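Novice: Just dropping this structure here.
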Amino acid sequence: MAIKNKYSNIDLSKYEKGYQASKQVQQAQKLKQQAENAVKNHGDFKYGNQEAYDKAINDILNRKAFSYDLNGDALYQQYKDMYMAQGKLAMADTMGQAAALTGGYGNSYAASVGNQAYQGYLQQLNGVIPELYNLALSAYNAEGDRLNNNFNLLSTDRNTQYGEFTDKYNRLVNDRGYYSDNYSNAYNQDYSKWTDNRNYDQSQYWNEYNAGYQKDRDAVADAQWQKQFDESVRQFNISQANRGSSGSSNRGSDDDDLKEPKETMYTKALEAYNKGGRTALYQYLDTLPGYDTNLLIDYVFDYGSYTPPNNRVGNRDYANGAVGRDAFDSSVRSKYANRKKK
């Protein structure tokens, strides 16, 4: 990654480590992670009174079917003892009354009526058995109702706790989604901003770098051009000086006939060629005295940058101005040749 240099004040080194999340994005990521951990650590549902709930289910499922054990009924035993005691008393009383009627002596009649009185009370005992059965059945059913009611209460309590558990879990899941979306939005916006800034800085950096570098290169090129130009002028001056010293004694130096400085001649010759090619160049040279202009022509051809017109009108005007270009060039050359012969 390029960094700040003499061509640009933009420092690109801050982008070398890549994207770095802002504090806002880091905070959003922290909240997102906390929300995810809350869902993960919520755990499974556990009923606070699970032991009693399990026992209530077990009591109902494992409860024995109803059966009535007469001899095992304590109430029946009470009735039995009571009726047997009353039967015995009735039997003794009946036998005593029967003996009194017969002169006070016991006999079979007295025993018979006494036994009938005793059996009468036993029959009354048997009469309470259906009632005791119904009481036992009612007690069994009541116990069943109690067990069912107990289970229903525990089941309702368990459902309430499970509902609270589910509601809390759903809230945590919703929070997780919210903070996840919030983090994604913050990240995308921040990363997009960072990318835009990086691209802009890179673009500006290279624009400034290229402009500065080109300026330096242009300065070097200009200096080289000036050096070559100066050398061409120097060579031209030497050539003109040599021609002047070898000319006729009754003819003045070529320099005396120059209407403008030699540096200006180079500049104008180059400008004429760049604008109109050979035709414009020779038109300019035609305004100069009859000196050797080969150095001027060589210089212009070496450093000129004429581009012919790329349209028909331009080509036509260039080719047909006054006379044909080739004919004009030939005419100009002839003029210079004639001047040199004089």
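Novice: Out of the range 129-170, which residues are within 30 Å of Asp81 (Cβ to Cβ) and of a type in the set (Val, Ile, Thr)?
Specialist: Ile129
Novice: Right, here's the next one. Does the range 25-35 hold any residues that are touching a residue at least 24 places away in the same chain (Cβ under 8 Å) and within 9 Å of Tyr183 (Cα to Cα), and which are they?
Specialist: Listed by number, the residues that qualify are Val25, Ala28, Gln29, Leu31, Lys32.
Novice: Another question, then. Look at Gln20 and say whether it is outside the structural domain of Asn150 (by TED's automatic domain parsing), surrounded by 13 or more Cβ atoms within 10 Å (Cβ to Cβ) and at pLDDT 85 or above. Working first, answer last.
Specialist: On the way: outside the structural domain of Asn150 (by TED's automatic domain parsing): yes; surrounded by 13 or more Cβ atoms within 10 Å (Cβ to Cβ): no; at pLDDT 85 or above: yes.
Against the criterion (outside the structural domain of Asn150 (by TED's automatic domain parsing), surrounded by 13 or more Cβ atoms within 10 Å (Cβ to Cβ) and at pLDDT 85 or above), Gln20 does not qualify.
Novice: Let me ask another. Can you find a residue in the range 209-229 that is under 43 Å from the mean Cα position of the chain (by Cα) and among the small types (Gly, Ala, Ser)?
Specialist: Yes, there is a match, as at least one residue in the range 209-229 is under 43 Å from the mean Cα position of the chain (by Cα) and among the small types (Gly, Ala, Ser).
Novice: Moving to a separate point now. So if I check each of Tyr266, Tyr200, Tyr209, which one is modelled with pLDDT of 85 or more, assigned to a helix (DSSP H, G or I) and of a type in the set (Ser, Thr, Tyr)?
Specialist: Going through Tyr266, Tyr200, Tyr209 in turn, the sole match is Tyr200.
Novice: Does the range 36-72 hold any residues that are within 30 Å of Asn126 (Cα to Cα) and either touching a residue at least 24 places away in the same chain (Cβ under 8 Å) or not assigned by TED's automatic domain parsing to the domain that holds Asn148 (or both), and which are they?
Specialist: Arg63, Phe66, Tyr68, Leu70
The values are calculated or read from the model by the stated rules, or taken from the named source; none is laboratory data. Computed from a predicted structure; not experimentally measured. Glycine gets a Cβ as well: all are built from the backbone with ideal geometry, and neighbour counts include every protein chain shown.
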